[in-house]
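**Q** One structure follows; several queries about it will come next.
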Amino acid sequence: MSAETPEERRFEVGDEVRVALSHPPGHRRTPFYIRGKTGVVERYCGAFRNPEELAYGFDGEPRRHLYRVRFRQHDIWDGYDGPEQDTLDLEIYQHWLERA
Amino acid sequence: MAEEERGHVEAHHHDHHHEVAPENRDVEETGHYELMATAIRELLVEKGVVTPEQIREQLEFMDSRGPALGAEIVAKAWTDPAFRERLLDDGTAAVGELGIPMAGTELVVVENTPDTHNMIVCTLCSCYPRTILGLPPDWYKSKSYRSRAVIEPRAVLEEFGTTVADDVTVRVHDSNADMRYLVLPMQPEGTESWDAERLAGIVTRDCMVGVALPDASG
Amino acid sequence: MQRQHDMGGMPAGPVEPDSPPTKPWAKLITATVGALREKKLMTVDEMRRALEDLPSEQYDRDYFERWAEALTDLLEEKGLATHGEIASRMDEVRRRLEGGT
C-alpha cells in the first residue's frame, strides 16, 4: 500500500448518492446497470488504488475512496419481480458518485 | 518438481478423450489449451521470469483452499459469540486470527437473519473469496448466474431449491471491487448442542455464497 | 454501451448448478497468473482488462480458456513472451508428446 494521501473524502454513511450516468471507454468497475441510479451509502470501505489506472499498468495513485452503496431493487430495474424491500449492494469509487 | 508438474498436465492430456466426450467438446480444442498452459510455463521458466518453485507454491496454495475453511469459520462464529462479533465487524482481521489471508482484498461477512437473506455475485468477472472457499464453481462464473443474480435473485435462488419468503429481504451483493463476501448463514434450529466440528459438516459452499441454506435434517 | 463482460441484468438461461473439478491445465494457468502477480509483473486489474478486451469469440469460451487467451495477450504486451514464441513452443510440446519422449 502506498503512503500517498488519497483525495478528500466526500461522503458519509447514510448519504444519498447518485452514480454518474456516463459510459467512458476502458476498464471500469462500475457496472452498466447501476449508472445513473440513486442509493444510500451503507459503509465506507477504505481508500484503494484506482483500478481504472492499474488496469493499464499505471500505479493507481492517488488512492480513491470506496463506498458500499445500497440500492432498492425497484429503483434499479423497471418491473423488478420481487417485494418492495429487496436491495442490492455494490462498491462504488468516489469519483463515480455525486450527492443526490 | 517442474517435471512433476509437467507430468501431471501431460498425463491428463492422454486421458482426454474420455473426459471431454460428454461435454460435446472438440477434443483438439481443449488439447490446444493444455499445450498452451505447458508452453507458457516452460517459456516463463526458461526466461527466468518465474521459477518452478513459485508455480508450485501457487498450485499448493490453491489446493489447500476450499469450502472446509469457510465452514470452519462459520461453525466458529456459531459457537463463539465474541468471534462472531469480530467476524462481522472486521472479517479480514477475524479470519486472519485463523491464519487465513485475504491476499490484498478485504473480507466482508454478511449475516443472514430472520429478516434478511444475503446472496453474492460478481457481475463483471467472477470475484470470489478464493483464499477461503478455493476456486469458484462453474455456475458462479457462468453468464446465467452473473447476468440474472442481480435482476431476478429470487428466481435464481429457486433454481438452487431455495425459497425466500416474501416478507424477508433478499439482499444481493455485487462483488465488483476490492471487497470479498462471505455469507454467515443462520444456524439451523435443533443444532444448539452440536459442537463446531459437527456444525461445520452442514455448512456447504453454496450456503456461504448465499444460494442455499444449511440442512441439519440429514 | 454495455460491454461484453458487464452482463448484470442481461437475459440468460437457467443456472446449471453442477460443477466439474478444475482441470490440471486450468490450475496451471491460474498458478502462472498468480506467480506473475506475486512478482508484481502484472496486476489483477490488467488481467481483467485483457479479458474484457478479448474478441467476443474468445471471451465467450470456457472461463479458463478465456484466461489463457488474456494471459498470452498480456505476456506479449509486457514483453515477457510473444504469441509467436508461445505458438512454436506449443508445436514443440505437441511433437514431444506424440513422440513419447
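The values are calculated or read from the model by the stated rules, or taken from the named source; none is laboratory data. Computed from a predicted model, the values in this text were never measured in an experiment. With ideal geometry, Cβ positions are generated from the backbone for all residues, glycine too; neighbour counts draw on all protein chains shown.
**Q** Where in the range B:29-130 are the helices (runs of 4 or more DSSP H), entirely inside, with at least 1 residues that are surrounded by fewer than 16 Cβ atoms within 10 Å (Cβ to Cβ), more than 19 Å from the chain's Cα centre (by Cα) and not assigned by TED's automatic domain parsing to the domain that holds B:ARG180?
**A** Answer list for the range B:29-130: B:52-63.
**Q** OK, next. Among the residues of the range B:178-185, is there at least one that is within 22 Å of A:TYR33 (Cβ to Cβ), under 14 Å from the mean Cα position of the chain (by Cα) and within 9 Å of chain C (Cβ to nearest Cβ)?
**A** No, every residue in the range B:178-185 fails to be within 22 Å of A:TYR33 (Cβ to Cβ), under 14 Å from the mean Cα position of the chain (by Cα) and within 9 Å of chain C (Cβ to nearest Cβ).
**Q** Restricting attention to the range C:39-59, which residues are part of a helix (DSSP H, G or I) and crowded, with 16+ Cβ neighbours inside 10 Å?
**A** C:VAL44, C:ASP45, C:GLU46, C:MET47, C:ARG48, C:ARG49, C:ALA50, C:LEU51, C:GLU52, C:TYR59
**Q** Continuing with this model, one more query. When you check B:ASP206 against the structure, is it more than 17 Å from B:GLU72 (Cβ to Cβ) and surrounded by 18 or more Cβ atoms within 10 Å (Cβ to Cβ), yes or no?
**A** Here the answer is no, as B:ASP206 does not meet what is asked.
**Q** Follow-up question, since we're still on this one. Taking the range C:74-96, which residues are assigned to a helix (DSSP H, G or I) and either at positive phi or surrounded by 17 or more Cβ atoms within 10 Å (Cβ to Cβ) (or both)?
**A** Of everything in the range C:74-96, those that are assigned to a helix (DSSP H, G or I) and either at positive phi or surrounded by 17 or more Cβ atoms within 10 Å (Cβ to Cβ) (or both) turn out to be C:LEU74, C:LEU75, C:GLU85, C:ILE86, C:ARG89, C:MET90, C:VAL93, C:ARG94.
**Q** Here is a further query. Could you tell me which numbered condition C:TRP67 fails, if it satisfies all but one of (1) under 21 Å from B:ASN176 (Cβ atoms); (2) within 9 Å of another protein chain (Cβ to nearest Cβ); (3) within 16 Å of the chain's Cα centre (by Cα)?
**A** Here C:TRP67 clears every test but (2).
**Q** Whether any residue in the range A:13-33 is under 29 Å from B:VAL168 (Cβ atoms), over 11 Å from the mean Cα position of the chain (by Cα), within 11 Å of another protein chain (Cβ to nearest Cβ) and not in a strand (DSSP E or B) is what I want to check.
**A** yes
**Q** Let me ask you something else. Restricting attention to the range B:132-177, report how many residues are within 14 Å of chain C (Cβ to nearest Cβ), under 24 Å from B:ARG65 (Cβ atoms) and either of a type in the set (Val, Ile, Thr) or in a loop (DSSP other than H, G, I, E, B) (or both).
**A** Number satisfying all stated conditions: 10.
**Q** Being assigned to a loop (DSSP other than H, G, I, E, B) and either outside the structural domain of B:VAL150 (by TED's automatic domain parsing) or touching a Ser or Thr at 6+ places or on another chain (Cβ under 7 Å) (or both): is that true of B:PRO214 here?
**A** In short, yes.
Yes or no, residue by residue, for (1) over 24 Å from A:CYS45 (Cβ atoms); (2) acidic (Asp, Glu):
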site	(1), (2)
B:PHE61	yes, no
B:ALA71	yes, no
B:GLU85	no, yes
B:THR92	no, no
B:VAL95	no, no
B:PRO101	no, no
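**Q** Moving on to the next point. Any idea which residue in the range A:5-34 is nearest to A:TYR67 (Cα to Cα), counting only those that are among the basic types (Lys, Arg) and surrounded by 12 or more Cβ atoms within 10 Å (Cβ to Cβ)?
**A** That would be A:ARG10.
**Q** Look at the range B:178-198 and say how many of its residues are part of a helix (DSSP H, G or I) and buried (at least 23 other Cβ atoms within 10 Å of the Cβ).
**A** 0
**Q** Same structure again: Which residue out of C:ALA35, C:ALA31, C:ALA26 is of a type in the set (A, V, I, L, M, F, W, C), part of a helix (DSSP H, G or I), at the interface with chain B (Cβ under 10 Å from one of its Cβ atoms) and over 24 Å from A:PRO51 (Cβ atoms)?
**A** Selected residue: C:ALA26, the only one of C:ALA35, C:ALA31, C:ALA26 that is of a type in the set (A, V, I, L, M, F, W, C), part of a helix (DSSP H, G or I), at the interface with chain B (Cβ under 10 Å from one of its Cβ atoms) and over 24 Å from A:PRO51 (Cβ atoms).
**Q** Only one of these is small (Gly, Ala, Ser), assigned by TED's automatic domain parsing to the domain that holds B:ILE100 and in contact with a strand residue (DSSP E or B) (Cβ under 6 Å, 6 or more places away or on another chain): B:SER193, B:SER175, B:SER144. Name it.
**A** Answer to the check: B:SER175.
**Q** Looking at the range B:128-149, can you tell me whether even one residue there is farther than 26 Å from C:LEU51 by Cα and in contact (Cβ under 8 Å) with a residue 40 or more places away in the chain?
**A** no
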